[in-house]
1. Are any residues in the stretch 36-53 surrounded by 18 or more Cβ atoms within 10 Å (Cβ to Cβ) and without any contact (Cβ under 8 Å) to a residue 40 or more places away in the chain, and if so, which ones?
2. Taking the conditions exactly as written (over 21 Å from Phe127 (Cβ atoms), assigned to a helix (DSSP H, G or I), of a type outside the set (Val, Ile, Thr) and at pLDDT 95 or above), does Leu51 satisfy them or not?
3. Does the stretch 19-37 contain any residue that is on the phi > 0 side of the Ramachandran plot and at pLDDT 95 or above?
4. Within the stretch 39-48, count every residue that is of a type in the set (A, V, I, L, M) and either over 9 Å from the mean Cα position of the chain (by Cα) or not in a helix (DSSP H, G or I) (or both).
5. For the stretch 54-101, what are the residues that are open to solvent by less than 40 Å² (accessible area, probe 1.4 Å), part of a helix (DSSP H, G or I) and either of a type in the set (Val, Ile, Thr) or in contact with a Phe, Trp or Tyr (Cβ under 9 Å, 6 or more places away or on another chain) (or both)?
Amino acid sequence: MTHHLPLTTRFSLMRVNIQQTEPEAFKAAYALEKYLGQSSLNPIHRELMLLRASQLNGCGFCLNMHVTEARKHGETDQRLHLVSVWREAGDLFTAEEKALLALAEEVTLISEHHVSDATYQAAAALFDEHYLAQAIVAIATINLWNRIAITTHIPVQA
């Protein structure tokens, strides 16, 4: 006996390809990537923030991509394995990296507690306003990409 899924279930398995369906939306998102690529953000800082946000959001596609990118910039496997528990990693992460990881967590989970004054001030004490603004844009951008990749089921690349 052949079991057929109900029509609505079969169709709900198909997900829109936003890049093909709405190329102008993708073009706008890529403009943010181009801006960030030309920003003064340290590549390791950027990848750590993107990894932490992607971990919190559960985005396999983005996690895979940014682990690969972090390694290209010289990041170690040990630190990559410990990004999710950075608070317990002692001095493995610098004060600057810890401030950016905390900011990445609070911006990503903004609906839970917003961004606390303590977290914001810790980052503002270490970075000028331009660097801080670029970090916030990077975190917001990865959250956009995470939501697109998760919602549309973009597969992890081998």
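The values are calculated or read from the model by the stated rules, or taken from the named source; none is laboratory data. Only a predicted model underlies this, so the values are computations on that prediction, with no experimental measurement involved. Note that we place each Cβ from the backbone using ideal geometry, even for glycine, and neighbour counts take in every protein chain shown. Side chains included, ligands, DNA and RNA excluded: accessible areas come from the protein's heavy atoms. Shrake-Rupley method; radii C 1.70, N 1.55, O 1.52, S 1.80 Å.
1. Result: Glu47, Leu51.
2. no
3. no
4. The first filter runs over the stretch 39-48 and keeps only residues of a type in the set (A, V, I, L, M), leaving 41, 44, 48.
Now drop any that are not either over 9 Å from the mean Cα position of the chain (by Cα) or not in a helix (DSSP H, G or I) (or both), which leaves 41, 44.
Going through the stretch 39-48 one residue at a time, the tally reaches 2.
5. Listed by number, the residues that qualify are Ser54, Cys62, Val67, Arg79, Val83, Trp86, Glu97, Ala99, Leu100, Leu101.
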